[in-house]
There are 2 protein chains.
Amino acid sequence: MKTLPTPRLEIDGPIVRENIRRMAEYGATHNLSIRPHTKTHKSQRIARMQLAAGAGGLTVAKLGEAEVMAEVSVDILVAYPALDPIRATGIANLAKRITVHVAVDSRYAVDALAAATQTVGSTIGILVDIDVGMGRTGLQTPRQALELAQNVETTKGVRLDGIMCYPGHVWGDPDKQSDQLSRVSDKLAETLALWHSHGLEAGIVSGGSTPTAYQSHLISELTEIRPGTYVFNDMNEVRGGYATVEECAARMVCTVVSNAVPGQVVIDAGNKTLTSDRCLPALESGYGYVVEYPDATITALSEEHGQVDISRCRRSPQLGEQIHVIPNHICPCVNLHDTVWWVEPDREPEQMRVDARGRVV
Amino acid sequence: MKTLPTPRLEIDGPIVRENIRRMAEYGATHNLSIRPHTKTHKSQRIARMQLAAGAGGLTVAKLGEAEVMAEVSVDILVAYPALDPIRATGIANLAKRITVHVAVDSRYAVDALAAATQTVGSTIGILVDIDVGMGRTGLQTPRQALELAQNVETTKGVRLDGIMCYPGHVWGDPDKQSDQLSRVSDKLAETLALWHSHGLEAGIVSGGSTPTAYQSHLISELTEIRPGTYVFNDMNEVRGGYATVEECAARMVCTVVSNAVPGQVVIDAGNKTLTSDRCLPALESGYGYVVEYPDATITALSEEHGQVDISRCRRSPQLGEQIHVIPNHICPCVNLHDTVWWVEPDREPEQMRVDARGRVV
């Protein structure tokens with residue numbers, strides 16, 4: 001292994017397979033379709049594994065990601081208000097080949113997408129984005145959601161497919177979480193009832209995030225969930241209580257390059273390798289978890305240096321030693337790398353392209 | 001302009017030229033060689049502009065960056081303890097074609113580089129890295145620096161070229177800064193005197209960071225400085241008092257994609273576009289500066305969403321509008337993009353490759 005370059009992101013095949021299997025089983029048990037968010041891995045190979053396990057389609061954030069994933073799936077949700085002419089035109093083109101849904105929260109976006117379909121001759125499915133508490137995107141009231149749905153119904157080139165929400169604000173202890181999820185459920189129910197009373201139905205009600213994934217059955221209105229991070233997991237999930245270190249499939253292998261400062265070593269992974277993302281449920285836990293030295297803390301990241309406080313470690317990492325770091329937030333971390341290394345037991349690691357990296361639009 | 005994709009990173013040609021000119025003039029005035037750190041731009045084109053303005057060579061952090069920059073410069077400093085076999089061998093190979101210096105702080109690194117030269121038949125220049133207060137890498141005492149220099153002198157394949165330091169801890173008001181810089185100067189002077197008394201000389205004494213660049217003459221021991229960020233500048237420099245908004249050459253052009261949440265708009269730039277880097281001299285200032293709406297604050301970044309608080313703005317950004325954001329930390333931001341857009345007055349923006357992006361080793 002010492003002959004492989006560092007920093008390198010290793011992906012553990014068996015852990016990925018188990019993470020995918022477990023989520024698929026949960027979905028099957030609760031009659032929830034899984035539509036994995038591919039932002040986490042940006043990989044056709046992993047998307048194929050998710051589809052083979054029963055995923056009903058894929059989720060993306062970007063047109064560029066949709067174009068890459070359209071090679072492996074015929075049903076893609078762009079969970080993003082793609083309203084500029086370049087994205088709208090690209091999505092309209094894609095909708096000639098596969099089923100595409102876009103989640104939007106404005107008449108402006110509906111009109112932009114509809115206009116694009118008129119040029120290329122296709123139909124785009126629309127999910128009305130409802131804010132269920134995160135305060136990022138999404139219409140604020142059931143009444144607004146009804147009005148936008150009615151607009152979609154009367155606009156040529158777009159098709160009303162349902163509702164999307166993102167409960168990204170739901171974290172923390174399960175008791176509090178179930179309270180929050182029941183408020184999400186109430187808002188969805190109220191919206192669906194209002195739609196129904198006006199003759200509109202939502203074929204898709206899309207929700208879910210990795211931290212809330214396994215409680216999605218508490219929101220009975222959902223027909224599908226869109227977990228992304230679950231495929232790899234990270235320290236946000238571990239320290240939030242939603243995964244274990246053993247369920248983390250992605251580890252950055254780093255080399256110790258300096259030990260000149262007492263009580264510290266420096267690894268060859270800074271914020272250009274691990275990102276500057278802090279661990280949201282444990283801000284002071286540092287910039288990732290060092291597997292071989294659990295008492296170490298990555299206290300600071302420069303661009304290419306990671307400073308690791310080893311003052312509480314019983315033994316010291318040596319110069320030239322390779323150590324494994326589980327990142328705080330795996331999604332933007334994968335996004336930094338053109339390739340990752342796929343690891344199977346008793347086999348040499350195999351380099352694998354991050355297919356949709358660099359697709360910024 | 002509306003037909004260009006967003007998010008896109010625009011580089012203002014005239015501002016880049018003026019930033020380069022001013023730093024070159026400062027170096028010439030104080031007889032300091034400028035060795036720009038190319039980590040900021042990772043671009044051969046911009047490196048050529050810096051060399052044309054009189055830079056004596058280039059600085060890189062990575063072997064991969066050195067390989068890219070070796071096509072435009074014959075004198076490169078790897079300001080990084082590159083001690084693993086892959087980097088050492090790559091550097092030894094490069095040293096057959098051009099002059100390469102490596103900054104190291106351990107006997108281990110000297111031995112690794114020397115061993116690599118023996119296989120390929122080259123000589124690598126060594127700068128002894130001295131910690132002048134940042135506590136990241138670098139030997140702690142003049143005595144340790146002497147011992148490592150003596151090791152270099154007696155090791156085949158490596159050549160003692162001098163000393164490197166990085167005063168990255170020096171920030172804040174100029175009075176405090178000049179005190180700190182005089183302590184840096186004292187440590188360098190002490191080390192040089194000790195070397196001299198043992199018959200060793202430092203041909204190169206390399207220092208500098210962008211925040212301290214224009215005070216480098218206060219450290220009379222320096223022969224060169226390695227500013228990187230100055231070529232573009234960013235909000236760290238602006239809010240630290242080292243640059244103005246008008247001197248910021250790199251701006252992310254973003255589209256407003258949602259205004260569904262009152263008092264807020266969402267732009268299509270999250271942490272996969274702007275990074276999660278906060279503004280070090282003003283942690284609560286948000287994730288970048290919105291040029292057209294100076295009263296706006298980018299309060300949160302998801303991966304592809306930037307939430308912008310517009311409650312203090314007199315007018316509201318409209319859906320579909322393109323706005324310009326100056327990032328907090330431009331170096332890791334450039335690193336996210338395969339291409340940037342070069343902007344000259346009265347010309348269409350031109351797409352330009354970030355040549356050394358993705359060179360992780």
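What follows is calculated from the coordinates using simple rules that are stated; it is not laboratory data. Given the structure is predicted, the values throughout are model-derived calculations rather than measurements. Positions of Cβ are backbone-derived with ideal geometry, glycine not excepted, and every protein chain shown enters the neighbour counts.
Tell me which aspartates and glutamates have Cα within less than 16 Å of A:LYS176's Cα, excluding those fewer than 8 residues away on the same chain?
By straight Cα distance, A:LYS176 reaches A:ASP186.
How much length is gained on full extension from B:ALA52 to B:ALA189, taking 0.36 nm per residue of separation minus their Cα-Cα distance?
Residue separation times 0.36 nm, minus the Cα-Cα distance, leaves 46.1 nm.
With respect to the axis carrying B onto A, what is the closest chain B residue by Cβ position, and how many angstrom separate it from the axis?
B:SER276, 2
Can you list the copy-to-copy distances for B:LEU283, using a point 7 angstrom from Cα toward Cβ, in nanometres, shortest first?
Spacings between copies for this position, smallest first, are 0.6 nm.
Using only alpha carbon pairs under 8 Å that are at least six residues apart, calculate the relative contact order of chain A and give it in whole percent.
Over chain A, the number comes to 19 percent.
Which distances in nm, rounded to one decimal and ordered from shortest, link the label point of A:SER316 to the equivalent label points in the other identical copies, with labels set 7 Å from Cα toward Cβ?
6.0
Any idea what angle helix B:85-94 forms with the longest principal axis of chain B, computed on alpha-carbon atoms, 0 to 90 degrees, nearest 10?
80 degrees
When the Debye formula is applied to the Cα atoms of the stretch A:13-232, each taken as the same point scatterer, what base-10 log of I(q)/I(0) results at q = 0.07, 0.15, 0.17 Å⁻¹?
Here the Debye-derived log intensity ratios amount to -0.20, -0.93, -1.18.
Which one of B:THR59, B:ALA260, B:SER182 is farthest out on the positive end of the charge dipole of chain B, using unit charges on Cβ (Lys, Arg +1; Asp, Glu -1) and the Cα centre as origin?
B:THR59
Under 17 Å from the Cα of A:LYS96, which lysines turn up, not counting those fewer than eight places away in the same chain?
A:LYS156
Please state the charge dipole magnitude for the stretch B:14-230, taken about the Cα centre, from unit charges on C-beta atoms (+1 on K and R, -1 on D and E), reported in debye and rounded to the nearest 20.
Using only the charged Cβ atoms, the result is roughly 680 debye.
Hey, what angle do you get for helix A:142-153 against the long axis of chain A, alpha-carbon based, 0 to 90 degrees rounded to 10?
Rounded to the nearest ten degrees, it is 70.
Which of the trypsin sites (Lys or Arg not before Pro) found in the stretch B:117-166 are loop residues per DSSP with 16 or fewer other Cβ atoms within 10 Å of their Cβ?
Filter output for the stretch B:117-166: B:LYS156.
Could you work out the relative contact order of the stretch B:1-148? I mean the mean sequence separation of Cα pairs under 8 Å and 6+ apart, divided by the number of residues, in percent.
14 percent
For the stretch A:277-314, which GluC sites (Glu not before Pro) are in a loop by DSSP, counting at most 13 other Cβ atoms within 10 Å?
A:GLU292
Per residue of the stretch B:57-65, in order, report the coupling 6.51 cos²θ - 1.76 cosθ + 1.60 (Karplus, θ = phi - 60°) as ³J(HN,Hα) in whole Hz, putting x for Gly and Pro.
Listing the rounded values in order: x, 10, 10, 9, 9, 10, 4, x, 5 Hz.
Which ³J(HN,Hα) values in Hz, rounded to whole numbers, follow from the phi angles of the stretch B:316-333 under the Karplus curve 6.51 cos²θ - 1.76 cosθ + 1.60, where θ = phi - 60° and Gly and Pro get x?
9, x, 9, 4, x, 5, 9, 10, 10, 10, 8, x, 5, 9, 6, 5, x, 5
Can you work out ³J(HN,Hα) from phi for every residue in the stretch A:252-265, in order, using Karplus 6.51 cos²θ - 1.76 cosθ + 1.60 and θ = phi - 60°, giving whole Hz and x for Gly and Pro?
Once θ is set to phi - 60°, the couplings for the stretch A:252-265 become 8, 8, 10, 9, 6, 10, 7, 9, 6, 8, x, x, 9, 10 Hz.
Just name one of B:ILE204, B:MET164, B:ILE91: the one whose Cα is farthest towards the positive end of the charge dipole of the stretch B:14-230 (beta-carbon charges, Lys/Arg +1, Asp/Glu -1).
B:ILE91
Could you work out how far apart the two model spin labels at B:GLU147 and B:SER311 are, taking each label as a point 7 Å from the Cα in the direction of the beta carbon, and quote it in nm?
Calculated label separation equals 5.8 nm.
Which far-off residues, 5 or more places away or on another chain, put their amide H under 5 Å from the one on B:HIS305, with H placed in the peptide plane?
Here B:GLY270, B:ASN271 satisfy the definition.
What are the nm distances, shortest first, from A:PRO262 to its equivalents in the other copies, labels at 7 Å along Cα→Cβ?
Copy-to-copy label distances for A:PRO262: 5.9 nm.
Could you check the spin-label model distance between A:ASN31 and A:HIS324? Points 7 Å from the Cα along Cα→Cβ, value in nm.
4.1 nm
What is the stretch A:236-353's relative contact order, in percent, from Cα pairs under 8 angstrom and six or more apart in sequence?
28 percent
Would you compute, from DSSP H runs of 4+ residues alone, the mean residue ellipticity of chain A at 222 nm, taking -39500 (n - 2.57) per run and dividing by the full residue count, rounded to the nearest 500?
Roughly -9000 deg cm²/dmol at 222 nm, from the helical runs in chain A.
Just grab the label-to-label distance for B:GLU292 and B:VAL74, each label 7 Å out from Cα along the Cβ direction, in nm (one decimal).
4.9 nm
For B:VAL205, which sequence-distant residues (separation of 5 or more, or a different chain) have an amide H within less than 5 Å of its own amide H, given hydrogens modelled in the peptide plane?
Here the answer is B:ILE163, B:THR223, B:GLU224, since their amide H atoms fall under 5 Å of that of B:VAL205.
Could you give the distance between the Cα centres of the stretch A:243-289 and the stretch B:1-70, to the whole Å?
Cα centroid to Cα centroid, the span is 30 Å.
With +1 on each Lys and Arg Cβ and -1 on each Asp and Glu Cβ, how big is the dipole of the stretch B:236-353 about its Cα centre, in debye rounded to the nearest 20?
320 debye
Largest first, please: the extent of the C-alpha atoms of the stretch A:236-353 along each principal axis, to the nearest Å.
38, 32, 26
Work from the charge dipole of the stretch A:236-353 (Cβ charges, +1 for Lys and Arg, -1 for Asp and Glu, about the Cα centre) and give the residue of A:ALA296, A:ALA243, A:VAL343 farthest towards its positive end.
The one lying farthest along the dipole's positive direction is A:ALA296.
On alpha-carbon atoms, Rg over Rh for the protein assembly as shown using Kirkwood Rh?
0.99
Using a simple charge model, +1 on the beta-carbon of Lys and Arg, -1 on the beta-carbon of Asp and Glu, nothing else, what dipole does the stretch B:58-162 show about its Cα centre, in debye to the nearest 20?
180 debye
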